[in-house]
Amino acid sequence: MLATRTIVEDILELKQERRAILLAHHYQEAEIQELADWVGDSLELARKARDFEGDVIAFCGVWFMAETAKVLNPTRTVIVPDREASCSLVESCAVEPVRAYRQRHPDHVIVSYINTSVEVKAESDILCTSRNAVQVVNSIPPEKTVLFLPDQNLGNYVQRQTGRCNMKIWQGTCIVHATFPARRVVATRSEHPDALIVAHPECPQAVLDMADFIGSTSAIIDYCVRSDAREFIVMTESGVGHSLRKLAPDKIFHFVANENCNCSECPYMRLNTLEKLRDALQNLEPRVEIAEDLMRRARVPLDRMLALR
Ligand code: 13P
Ligand code: SF4
């Protein structure tokens, strides 16, 4: 009797046929991360996508990340397992008010987090990720007023780090990080007094104030792996636990549930599954399609960010 083919075998075969690369964000299910050619934070994945020379980028992350990949490498086919994999920050920031702001304040510098739609990127002067947001804002002449959008927690963090007064901050939030309650972090720390607290800058200030380290998903993983400490309270999406447990099997990681889902999983990221990835590779759908002019305009602020070292 013939053995049934597994989804994993199908994906690996399709990947080869399609000359595809599989890029995965740290918030993907462990089984997707295991199959990926590269797992990273949003900045690392953007660079990988830009430099890819094959035909298809299968982006296991959320839609704005795949749009970014398309803008940076427009001749490749970019697919995502689930078209509904959005982001609450993208949803919080429509393009019309950003355009209106730009018209009212043509002299202000618009710094957009990469968690924005391609339309908002096209209206921006420079982009940033959680990894380089402080560096990006510091690169702007101090006399210029900055509009930072859309994440208020990241914006407030950047403002505290840079000491910049002339900075206006959009009021968007991440539904996962913004609802991590500080009292639950305090309770977890009292149960594990030796644990260090590591946090993503999308967390509220009360959580960041308790953190021993603040950084992007990859920076959090690097910090925990290199640290001499053995126990950590990890204030970000629990998908990072996969790399943490692989790279530091002897260390202990605690995740704190937020008040939104009483979990620490991103509902958008978790829409992607192995089955949907296989189907996307098979059908080359859902596929990112962006008008040429929009891509050209969105590329400018992306390139400005990527040029910063
Ligand atoms: P990173 O850039 O740190 O990977 O973060 C992306 C994100 O969506 C965090 O919620
Ligand atoms: Fe967006 Fe938050 Fe999900 Fe990151 S974790 S993709 S910021 S909703």
Against the condition within 14 Å of ligand 1 (Cβ to nearest atom) and polar (S, T, N, Q), how does residue 264 come out, does it pass? yes
Based on this model, can you work out whether residue 304 counts as closer than 26 Å to residue 114 by Cα and part of a helix (DSSP H, G or I)? yes
Can you tell me how many residues in region 251-262 are closer than 16 Å to residue 192 by Cα and either modelled with pLDDT under 95 or part of a loop (DSSP other than H, G, I, E, B) (or both)? 3
Can you tell me which residues in region 37-76 are more than 17 Å from residue 26 (Cβ to Cβ), away from ligand 2 (no atom under 14 Å from the Cβ) and not β-branched (Val, Ile, Thr)? 50, 51, 52, 53, 54, 55, 70, 72, 73, 74, 76
Here are the criteria: (1) farther than 19 Å from residue 113 by Cβ; (2) acidic (Asp, Glu); (3) within 16 Å of ligand 1 (Cβ to nearest atom). Tell me which single one residue 202 does not satisfy. (1)
Positions within region 182-230 being farther than 20 Å from residue 268 by Cβ, open to solvent by less than 10 Å² (accessible area, probe 1.4 Å), not in a helix (DSSP H, G or I) and not small (Gly, Ala, Ser), in sequence order: 197, 198
Mind listing just one residue for me: the one in region 27-45 that is touching a Gly at 6+ places or on another chain (Cβ under 9 Å) and assigned to a helix (DSSP H, G or I) and, of those, farthest from residue 129 (Cα to Cα)? 30
Kindly indicate whether residue 86 is among the polar types (S, T, N, Q) and in contact with a Ser or Thr (Cβ under 8 Å, 6 or more places away or on another chain). no
Please go through region 264-279 and pick out each residue that is within 16 Å of ligand 2 (Cβ to nearest atom) and either touching a strand residue (DSSP E or B) at 6+ places or on another chain (Cβ under 7 Å) or among the hydrophobic types (A, V, I, L, M, F, W, C) (or both). 264, 266, 269, 271, 272
Of all residues being open to solvent by 20 Å² or more (accessible area, probe 1.4 Å) and assigned to a loop (DSSP other than H, G, I, E, B) in region 13-26, which is nearest to ligand 2 (Cβ to nearest atom)? Just the residue, please. 18
Look through region 42-89, keep the residues that are within 15 Å of residue 290 (Cβ to Cβ), out of contact with any strand residue (DSSP E or B) (no Cβ under 8 Å at 6 or more places or on another chain) and among the polar types (S, T, N, Q), and return whichever of them is farthest from ligand 1 (Cβ to nearest atom). 75
Tally, over region 137-158, of residues that are without any contact (Cβ under 8 Å) to a residue 60 or more places away in the chain, away from ligand 2 (no atom under 16 Å from the Cβ) and either surrounded by fewer than 20 Cβ atoms within 10 Å (Cβ to Cβ) or part of a loop (DSSP other than H, G, I, E, B) (or both): 7
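The values are calculated or read from the model by the stated rules, or taken from the named source; none is laboratory data. All values reported here derive from a predicted model rather than from experimental measurement. As a convention, Cβ positions derive from the backbone with ideal geometry for all residues, glycine included, and neighbour counts pool all protein chains shown. The protein model used for the area step is the full one, side chains on, heavy atoms only, and it has no ligands, DNA or RNA in it. Shrake-Rupley method; radii C 1.70, N 1.55, O 1.52, S 1.80 Å.
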